[in-house]
1. Under the √(5λ) rule applied to the eigenvalues of the Cα gyration tensor, what semi-axes describe the equivalent ellipsoid of the stretch 652-702? Give them in Å, descending.
2. Gly722: net charge of surrounding residues, Cβ under 14 Å, Lys/Arg +1, Asp/Glu -1, itself excluded?
3. Could you name the lysines in cross-link range of Lys401, using Cα to Cα under 20 Å and dropping any fewer than eight places away on the same chain?
4. When the Kirkwood radius is taken over all Cα pairs of the stretch 222-298, what Stokes-Einstein diffusion coefficient follows at 37 °C and 0.692 mPa s, in µm²/s?
5. Just rank Ile529, Ile693, fewest to most, by other beta-carbon atoms within 10 angstrom.
6. Counting only other residues whose beta carbon sits under 12 Å from that of Ser298, what net charge do I get with K and R as +1, D and E as -1?
7. Which aspartates and glutamates, if any, have their Cα less than 17 Å from the Cα of Lys538, not counting same-chain residues under 8 positions apart?
8. Can you list, bin by bin at 5 Å, the percent of alpha carbon pairs in the stretch 669-765, starting at 0?
Amino acid sequence: MKPYFQTLCKFSLYCAVFSAGLALISAAGFYLYLSPRLPSPEALRTVKLQTPLRVYSRDGLLMGEFGEKRRTPVSFSDIPEDFVHAILSAEDDNFYNHSGVDITGLIRAAVELATTGEIQSGGSTITMQVARNFFLSTEQSFIRKFNEILLALRIEDELSKDEILTLYANKIFLGSRAYGVEAAAQVYYGKHIHELSLDQLALIAGLPKAPSAFNPLVNPARAMARRDWILTRMYKLDFIDEERFRAALKAPMNASYHGASRELEASYIAEMARQEAIDKFGLDAYNEGYRVFTTVDSKLQLAANQSLRDGLESYDARHGYRGAERHVPDPANWPDTLIKTPDSGPLLAAIVTAVSADKVDLLLKFGAAGSLSLQNNSEIRLYINENARSAPVRDFSSLFKPGDLIRVRKGPDDAWLLAQVPQAQAALVAIDPENGAIRALVGGFDFELSHFNRAVQAERQPGSNFKPFIYAKALESGMTAATLINDAPVVFRDPNLEKVWRPENDSGKFYGPTRLRKALYLSRNLVSIRILRQIGIKRTIASMERFGFDPESLPKNLSLALGTQATTPLKIANGYTAFANGGYRVNHHVVDRIESENGELIFQANPATVCRDCDSRTVPAALTADAFSPLEQLFVESTPREANSMAVDTMASPTRAERIMDARVAFIMDSILKDAIKLGTGKKALVLNRDDIAGKTGTTNGPRDVWFSGYSPHLVATVWVGFDENHLLGRNEYGGSAALPIWIDFMKSALADKPPLLRPPPPGLVTARIDPNTGQRVGPGYRGALLEYFLEEKTPPLSRGNRPVGGNSRGAGEEDNGGSRLPDNLF
């Protein structure tokens with residue numbers, strides 16, 4: 001038996017050696033075959049992680065983030081030591097000792113699988129996971145595993161341990177669209193990774209193993225168990241002491257979903273910038289980490305947000321409380337209903353839990369409680385219709401019942417006040433008149449409640465807000481600001497209108513012969529219609545394209561004079577820039593530049609810009625304030641000024657804005673629109689105490705749409721208020737009552753640090769005294785005369801009937817009992 005046994009041993013040894021040799025040869029063969037085909041680990045030093053598209057204000061505040069993957073790469077120095085220890089405890093505690101493959105870890109994972117049915121610690125090293133995540137698929141095969149091992153060994157040769165760990169921390173998927181530890185910290189806790197506590201870091205460290213199974217938002221119990229296991233491992237590995245270990249175990253599960261953090265609320269305009277970036281660079285822009293810098297000024301955007309919200313809430317309060325949003329009868333559903341109901345700024349969702357005559361008990365989100373007292377809510381009036389409200393509510397039990405979902409807000413002394421989300425909507429857009437840059441834009445009350453951007457997408461009738469464009473054409477067509485037009489009843493049988501049309505002024509009254517200037521600043525409808533009929537519909541429509549309006553979209557009838565066509569607030573604001581900048585066309589734009597993730601400039605806007613040194617200039621108001629009182633307030637003793645000469649054109653740039661209006665016509669229009677504020681429908685804006693502001697109201701039939709567009713040389717802003725469903729706003733709601741207050745609040749902030757600027761009259765513009773009743777030119781001795789601007793070649797001759805000083809004179813505004821007769825060409 002002994003020789004037989006020896007022979008068997010030798011055979012077994014030979015087989016073992018042969019098998020080992022064969023395995024070695026096979027491994028060598030695999031290595032020689034696969035190695036040349038493997039990517040170089042050196043590429044990891046310059047790897048480009050998929051990061052979302054981010055949109056910023058011009059001063060660098062984050063406005064929006066777009067992309068399937070939320071990721072914010074961090075450096076190793078930004079990763080807390082506790083997180084490094086937590087991830088090592090969970091995935092690879094021997095990381096700093098092995099060379100990429102850890103046999104002990106593989107054996108430990110196998111033992112855990114055999115004894116518990118699952119693997120708690122990672123079966124692969126962190127280096128192997130980096131190899132798999134960056135270079136390989138998730139296919140379960142021997143070849144893929146062998147590639148993973150080879151790559152891990154190579155990576156260890158090329159990169160330091162800290163570099164490998166940094167790549168891992170930035171690449172891993174951690175659930176809820178979060179890629180990388182910084183994104184996970186923001187998603188689950190709304191904080192940066194370095195701001196998290198030990199228990200929070202341990203929870204995130206437990207996610208790579210199974211992001212869905214251990215997601216704290218979906219499976220909080222399993223997530224906590226995983227967290228506690230990692231904390232235990234950290235304690236056993238001496239990464240933390242017992243005191244910290246015990247404290248972390250007692251910490252509650254406080255993870256909740258947090259959307260992409262924004263430093264500036266500007267969602268409507270961020271969406272505009274996103275769309276432009278996608279139009280320019282395609283869908284890859286979502287993953288390339290592009291940074292879009294807009295033209296938005298954060299200070300102005302904040303002012304626009306607040307002004308619009310305040311204005312809509314004021315309108316809403318004037319029309320009464322409409323009642324609970326809905327009723328939730330089952331108390332078991334109250335917490336979940338509150339979580340699913342988005343708040344709207346300071347307007348918080350709450351559910352009524354109990355009601356008495358003078359008190360309402362409330363449940364708010366996350367179990368918070370509060371109450372409404374009748375004492376603090378004594379002015380609640382119920383909505384009856386757009387024109388009527390009830391008497392103040394004196395008994396809460398007649399208004400609410402348990403289960404009602406309502407809105408509340410904090411008031412003085414932290415008292416809860418009843419509130420509601422306005423049903424009316426509004427839009428505000430502000431543009432730099434020098435280059436068309438959009439400095440602020442709000443497309444509605446709350447982007448989270450409605451993504452519809454009313455500043456850009458809502459085409460509504462502008463009413464009288466459109467009249468300045470008609471009047472500019474009238475001045476170019478031979479009329480003057482002193483031309484008399486009869487404000488009297490008229491009936492039109494225009495075949496284009498398909499019916500008899502009897503237009504009226506808003507007041508229902510008729511005022512007789514009216515100067516063009518006065519007709520515009522007092523917004524006289526019948527005068528505007530007669531002006532359009534005189535200068536011609538076709539000619540006028542053709543001239544509207546220069547202001548940015550599509551001629552094909554304009555009505556081919558006299559209703560054009562009343563702004564019956566549909567247009568957007570953005571287009572109106574862009575059109576008004578020509579009045580603010582002296583007659584130039586600039587094109588609105590929102591994107592200033594786009595940079596790659598590494599800061600490389602890949603797009604730079606090159607907008608047409610007004611050249612102030614070419615043919616006009618502005619001067620500080622302090623130098624010329626006495627020369628620019630509203631013309632309706634100037635008396636005959638004022639001395640006409642000669643116009644300043646043009647500056648020499650020293651800048652011939654391809655980005656120079658095109659002149660679309662005679663500088664003199666633009667100046668006259670500017671002076672009329674200033675009078676609209678000082679003497680007309682925009683008088684409320686006098687509260688701003690500035691001489692360089694101008695503007696025009698707009699109100700449509702109903703009224704259903706109300707507007708105010710106004711400007712200073714620094715900024716143009718348009719405000720629209722109305723209902724998406726085109727409901728009536730109420731009989732006392734006009735451009736001056738609903739839209740103008742929003743504009744005033746916004747401009748108060750926007751112009752706070754801007755000195756008044758007043759443009760001097762351009763060459764070829766003269767001033768002459770006129771009789772305010774006839775519009776005819778009079779001599780220097782005519783009492784009660786006003787100064788008016790005229791194009792030099794259109795200056796009217798002196799009338800024969802002007803009276804000298806000391807004659808039967810009259811002061812401004814006195815009745816004319818026998819002076820100059822009315823001109824024969826009155827129409």
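1. Working: eigenvalues 152, 45, 24 Å².
The three semi-axes for the stretch 652-702 are 28, 15, 11 Å.
2. Working: positive: Arg454, Arg460, Arg704; negative: Asp316, Glu386, Glu459, Asp705, Asp724, Glu725, Glu733.
Result for the local shell: -4.
3. Within the straight-line limit of under 20 Å, Lys401 reaches these lysines: Lys359, Lys365.
4. Numbers: Rh = 16.8 Å.
Answer, rounded: 195 µm²/s.
5. On the way: Ile529 21, Ile693 26.
Starting with the residue having the fewest Cβ neighbours, the order is Ile529, Ile693.
6. Numbers: positive: Arg58, Arg262, Lys299, Arg439; negative: Asp59, Glu263, Glu265, Asp297.
Result for the neighbourhood of Ser298: 0.
7. Lys538 reaches Glu476, Asp494, Asp550, Glu552.
8. Result, from short to long distances: 3, 14, 24, 21, 16, 10, 7, 3, 1, 1 percent.
Values in this text are rule-based calculations from the coordinates and carry no lab data. None of the values given here were measured: they were computed from a predicted structure. All Cβ positions, even for glycine, are placed from backbone atoms using ideal geometry, and neighbour counts span all protein chains on display.
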